[in-house]
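Asks: Quick one: this structure, given as structure tokens, is what I'll be asking you about.
All of the numbers you see were taken from the coordinates with simple rules; none came from a lab. Worth saying up front: this structure is predicted, and the values here are computed from it rather than measured. Heads up, the Cβs are rebuilt from the backbone with ideal geometry, glycines too, and the neighbour counts pull from every protein chain shown.
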Amino acid sequence: MKRFIFHLVTLLPLIFFGCQEAENFTPRDYSFIQSQEIHSVDASGATIDFNIIDPGIFPIVSYGVEYVEKELFERPFFEGPFLVEEVEGEPSSEALSIRMETDLISGVEYVARPFIKSNKLTVYGEFLSFTAQGSKAPIISEVSSSVLGMRLEITIRGNNFSQRPQNNRIVVPGLEDYFEFEILESSKESLRVRVNKKILKESYSDDERYDLVLNVQGQEAILSSLFTVGYPRISQINTLKARVGDEIIVDLILEEEREFLYITLNYERANFLALPLQRIGGNQYRTVLTPYPTGKHILGFLMEGIYNVYPEEFEILED
């Protein structure tokens, strides 16, 4: 009897503690989703269906699918990056479908899984596999600049670009010897492009227009007669002769105002002079000549890595 009482006394706190744990039990604070199927696989992409089994207690902020080539996925230690289609906002129903429209190569096998995001948590469904038949062709809707030579970077907006920068290729027929284009960042709807000058095109006209050709994994988008050629440069200067301390006023050809602008003397030599320009209004700027050897010098304009020589020399006079 004493032994029974001892065991009962020993178990009571455990029973009470267990009841307390049960009373404090809360539902999962994260979502749970289930992959269904991949269907409608054709030359424009593929669709994945999935269901939200439990939305969790936190609002869903976005949902989508991530996918990648199966051969790449099966490599040891693969952790991404994946290709992604994502929809912002809370879904309107528990049964969802997402269309994959970019970076799918016909005949290549892919794996894909759905996801939902809530409260900084990402929950995934199971992987499904499929063999792609292709992607949608790219569409260009807007280009931030139509003058090549004015900017170091341009932005191209549209749809169905490759999410991988190396899979987007830009060509401007007729200007291959003068410019090359490097894709710095890419998404389905935007490309950030560095415009590198190879050599200066010495003769050009606003009447000469060039096509933009964007090739995305063999599919092309063309904007006809988009580009002209033009370089930031001095269009007019108030004098080509001055003494130290004199004011110099220049009119510039610019597409937009920049923070750091200079006129230079002998820029491509070791002992060059750079005079910072202050904006007066419009594209007119001023500076003051600082001490530099007398005589004639090569006059140029410099901004953010772009340099152009003025066709006439600048002379510094003796005091």
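Asks: Given the Cα-Cα distance of Ala95 and Ile280 and 0.36 nm per residue of separation, how much length would full extension add, in nm?
Replies: Details: separation 185, 0.36 × 185 = 66.60 nm, distance 6.11 nm.
Roughly 60.5 nm would be gained on extension.
Asks: Full extension from Glu126 to Val87: what is 0.36 nm times the residue separation minus their Cα-Cα distance, to one decimal in nm?
Replies: 12.1 nm
Asks: log10 I(q)/I(0), Debye, Cα-only region 32-131, no solvent, q = 0.12, 0.14, 0.16, 0.23 Å⁻¹?
Replies: The Debye formula, applied to the Cα set alone, gives -0.37, -0.51, -0.65, -1.22.
Asks: Provide the percentage of antiparallel DSSP beta bridges, counting only those with both residues in the chain; round to the nearest 5.
Replies: The antiparallel proportion sits near 95 percent.
Asks: With the cut-off at 29 Å, tell me which of the pairs Lys197/Lys241; Lys136/Lys201; Lys70/Lys198; Lys70/Lys136; Lys70/Lys197 have Cα atoms farther apart than that.
Replies: Lys197/Lys241; Lys136/Lys201; Lys70/Lys198; Lys70/Lys197
Asks: Asn159 to Asn119: FRET efficiency via 1/(1 + (r/R0)^6), r the Cβ-Cβ distance, R0 35 Å, to the nearest 0.05? Spell out each step's value before the answer.
Replies: Details: r = 30 Å, r/R0 = 0.87.
E between Asn159 and Asn119, to the nearest 0.05, is 0.70.
Asks: Any idea what the alpha-carbon Rg over 2.2 N^0.38 Å comes to for region 57-192?
Replies: 1.25
Asks: Here's a follow-up. For region 237-263, list residues with backbone N below 19 Å from a point placed 7 Å from the Cα of Glu315 toward its Cβ?
Replies: The answer is 237-249.
Asks: Output wanted: per-residue J couplings in Hz (rounded whole) for region 219-224, from phi through Karplus 6.51 cos²θ - 1.76 cosθ + 1.60, θ = phi - 60°, x for Gly and Pro.
Replies: 9, 10, 10, 10, 10, 7
Asks: Using 1/(1 + (r/R0)^6) with R0 = 45 angstrom and r between the beta carbons of Ile199 and Glu37, what's the FRET efficiency to the nearest 0.05?
Replies: According to the calculation, E is roughly 0.25.
Asks: Can you work out the Karplus-derived ³J(HN,Hα) for every residue in region 142-150? Use 6.51 cos²θ - 1.76 cosθ + 1.60 with θ = phi - 60°, whole Hz, and x for glycine or proline.
Replies: For region 142-150, the Karplus curve yields 7, 10, 5, 9, 10, 10, 7, x, 7 Hz.
Asks: How do 71-79, 135-143, 201-209 rank on mean C-beta neighbours within 10 Å, highest first?
Replies: 135-143, 201-209, 71-79
Asks: Only helical DSSP H runs with n ≥ 4 go in: add -39500 (n - 2.57) per run for the chain, normalise by residue count and round the 222 nm mean residue ellipticity to 500 deg cm²/dmol.
Replies: When only DSSP H runs of four or more count, the value is -2500 deg cm²/dmol.
Asks: Among (i) 15.7; (ii) 30.1; (iii) 32.7, only one was calculated for this model; which label is it, if the read-out is mean projected area of the Cα convex hull in nm²?
Replies: Correct label, based on the coordinates given: (ii).
Asks: If I stretch the segment between Leu152 and Arg258 completely, what's the gain in nm (0.36 nm per residue apart, minus their alpha carbon distance), one decimal?
Replies: Once the chain is fully extended between Leu152 and Arg258, it gains 37.0 nm.
Asks: Using a/c under 1.5 as the rounded threshold, could you call region 99-149 rounded, prolate or oblate? The axes a ≥ b ≥ c are square roots of the C-alpha gyration tensor eigenvalues, and prolate needs a/b larger than b/c, oblate otherwise.
Replies: Oblate, since a/c reaches 1.5 and b/c is not below a/b.
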